[in-house]
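**Q** Structure provided below as structure tokens; questions to follow.
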Amino acid sequence: MKPKNKFQRKICELSKQLPPISEKQKYWAFKSFYEDYVVISRNRCFCLDCGHKWEEKPILSVKLCGVTCPACGQKLKFKERVNWREQTYFAIVTTKGDFQVIRMFLFSQFFKMKKASDFSISEVMQHWMDDKGNIESLMQRANSMSGVAIDQWTGGDLEPRTDTYTHRLRQEIGAWKVCPGRRVLPILRRNGFRGHFYGFSPQWLFTELLTSNRAETLLKTNQISILAHINSRGRDVGYYWKSINICNRNNYIVKDASMWFDYLDLLTYFGKDVRNPKFICPPNLRREHDILMNKKNRILEERRRVEDEKQKYREYLKNLKHQEEYKKEKAPFFSIKFKDNELSIMPLKSIDEFKREADVLHHCVFTNEYFTKKESLIMSAQIKGEPVETIEVSLKEFKVVQSRGKHNRASEHHDRILSLVRNNMEQIANVMAV
Ligand SMILES: [Zn+2]
């Protein structure tokens, strides 16, 4: 892609003036990343350095301690499985014009059984940053064939890339190591950079140092863990900034920022002073954190328990009310009973009976509060005291609306139940007529 604005044009121009990676830098990368491996196949060792294969006993010692190749004399590390290539990123940090430049290189080591492994180094990205932290990245094209792998580079020139999602992902690729001999803009030194990256990628750390006073303070005061959370817990960093300053005045380094912020939230919950070093600088953070966390959990549990009790009591009162109303409405039917040899059918007489009926037959006669249906009479068909079906009779039409057994299905006695109710429907009608 062609440079689109003045900033990009200037960078492309300056980029051409950067020297290629030096032999010394290549050697450093080789020493840092090139690995001599032994793999084991059918109890034989293969040297991936020279391709020699031989028998070695005991195999376990090779796996634990590695081995020296009898052919090439190289000390080899054991590897369970080696891909055809292993890749690592590293960075060269330098300056050009008024810019901070982070040159990203890909170190690839290739393997082939029975052959010495080989390696290559290629520059795949450059991050250019001005002294305000504005950043523009030049990149090689990525292999568009593999949508998943964002770091399958195709080679070719470094160019500005459109701001797509993968482009941003690739911008965030970190360097495993940074080549010695770093050159940085004076403003970065002024803002606290002392040559250490603490595992942050150079482009991330530099952007933060150039755009955020807080990042600058955190680096200068060695609060690296908080610095690492400056974005993911940005709200907390802002909210507890005064507490962080108090830690700094007391030479207290927060080692686990995420836990420390949680701990400060707990202190706040318990109304403790989060400006008091006695509370916010605990020698054993985990211990204090856990004490407060357990205390809070107990409070929440108690609150839930009380809430449960209240809920139960509310339900009890509701049932009581339903019970009274149900009795008032349906008591005149309670004496009704239809029987044949085996079956007996009678109205449900209480809310408890509705519940039992629902529990035995697994249907919703209780949950859906059928006892509140004024125009229905709910009856239970039973054999030896055990419910087999629940029947809903319409008190308007004197018809069976539904009759359901276990899991809402008809029982084997369904037809007999229906005819028994129909034959005795007059008894129900008579109660209504009174
Ligand atoms: Zn060898």
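**Q** Among residues belonging to the range 224-272 that are among the small types (Gly, Ala, Ser) and assigned to a loop (DSSP other than H, G, I, E, B), point out the one that is surrounded by the most Cβ atoms within 10 Å (Cβ to Cβ).
**A** Looking at the filtered set, the residue picked out is 232.
**Q** Counting only residues that are touching a residue at least 60 places away in the same chain (Cβ under 8 Å), give me the helices (runs of 4 or more DSSP H) lying completely in the range 350-434 with at least 3 of them.
**A** 414-423, 425-433
**Q** Could you list, in sequence order, all residues of the range 57-78 that are away from the ligand (no atom under 14 Å from the Cβ) and assigned to a loop (DSSP other than H, G, I, E, B)?
**A** Hits for the range 57-78 are 57, 58.
**Q** Does the range 102-114 include one or more residues that are farther than 23 Å from residue 209 by Cα, within 13 Å of the ligand (Cβ to nearest atom) and among the aliphatic types (A, V, I, L, M)?
**A** Looking through the range 102-114, at least one residue is farther than 23 Å from residue 209 by Cα, within 13 Å of the ligand (Cβ to nearest atom) and among the aliphatic types (A, V, I, L, M).
**Q** Specify the residue that is farthest from the chain's Cα centre (by Cα); the eligible residues are those in the range 320-337 that are open to solvent by 50 Å² or more (accessible area, probe 1.4 Å) and touching a residue at least 40 places away in the same chain (Cβ under 8 Å).
**A** The extreme case among them is 332.
**Q** Got a number for residues in the range 338-354 being more than 18 Å from residue 376 (Cβ to Cβ) and open to solvent by 40 Å² or more (accessible area, probe 1.4 Å)?
**A** So the answer is 5.
**Q** In the range 298-319, which residues are without any contact (Cβ under 8 Å) to a residue 12 or more places away in the chain and surrounded by 11 or more Cβ atoms within 10 Å (Cβ to Cβ)?
**A** Result: 299, 318.
**Q** Can you tell me how many residues in the range 171-197 are under 25 Å from the mean Cα position of the chain (by Cα) and either more than 21 Å from residue 211 (Cβ to Cβ) or at pLDDT 95 or above (or both)?
**A** Counting residues in the range 171-197 that are under 25 Å from the mean Cα position of the chain (by Cα) and either more than 21 Å from residue 211 (Cβ to Cβ) or at pLDDT 95 or above (or both) gives 1.
**Q** Any residue that is acidic (Asp, Glu) and outside any strand (DSSP E or B) - is there at least one of those in the range 84-91?
**A** no
**Q** While we're on this one: How many residues are open to solvent by 50 Å² or more (accessible area, probe 1.4 Å) and either away from the ligand (no atom under 13 Å from the Cβ) or among the aromatic types (Phe, Trp, Tyr) (or both) when one looks only at the range 45-56?
**A** Matching residues across the range 45-56 total 1.
**Q** Would you call residue 398 of a type in the set (Phe, Trp, Tyr), out of contact with any Phe, Trp or Tyr (no Cβ under 8 Å at 6 or more places or on another chain) and farther than 25 Å from residue 322 by Cβ?
**A** In short, no.
**Q** Quick check on the range 83-98. Is at least one of its residues within 16 Å of the ligand (Cβ to nearest atom) and either out of contact with any His (no Cβ under 8 Å at 6 or more places or on another chain) or among the aliphatic types (A, V, I, L, M) (or both)?
**A** Scanning the range 83-98 turns up no residue that is within 16 Å of the ligand (Cβ to nearest atom) and either out of contact with any His (no Cβ under 8 Å at 6 or more places or on another chain) or among the aliphatic types (A, V, I, L, M) (or both).
**Q** Something else now. State which residue pairs qualify: first residue acidic (Asp, Glu) and inside the range 90-107, second residue surrounded by fewer than 21 Cβ atoms within 10 Å (Cβ to Cβ) in any location, beta carbons under 9 Å apart, and separation of 6 or more residues or different chains.
**A** 98/130; 98/131; 98/185
**Q** If you don't mind, there's one more thing I want to ask. Determine which single condition residue 234 fails, assuming it passes every other condition in (1) at pLDDT below 95; (2) closer than 19 Å to residue 174 by Cα.
**A** (2)
**Q** For the range 166-202, which residues satisfy the criterion of being open to solvent by less than 100 Å² (accessible area, probe 1.4 Å), within 17 Å of residue 95 (Cα to Cα) and either among the polar types (S, T, N, Q) or not in a loop (DSSP other than H, G, I, E, B) (or both)?
**A** 178, 187, 188, 191, 201, 202
**Q** Filter the range 25-43 down to the residues that are within 13 Å of the ligand (Cβ to nearest atom) and in a strand (DSSP E or B) and list them by number.
**A** Within the range 25-43, 37, 38, 39 qualify.
The values are calculated or read from the model by the stated rules, or taken from the named source; none is laboratory data. Because the structure is a prediction, the values reported are computed rather than measured. Virtual Cβ from ideal backbone geometry, glycine too; neighbours counted across all protein chains shown. What goes into the accessible areas is simple: the full protein's heavy atoms, side chains included, and nothing from ligands, DNA or RNA. Shrake-Rupley method; radii C 1.70, N 1.55, O 1.52, S 1.80 Å.
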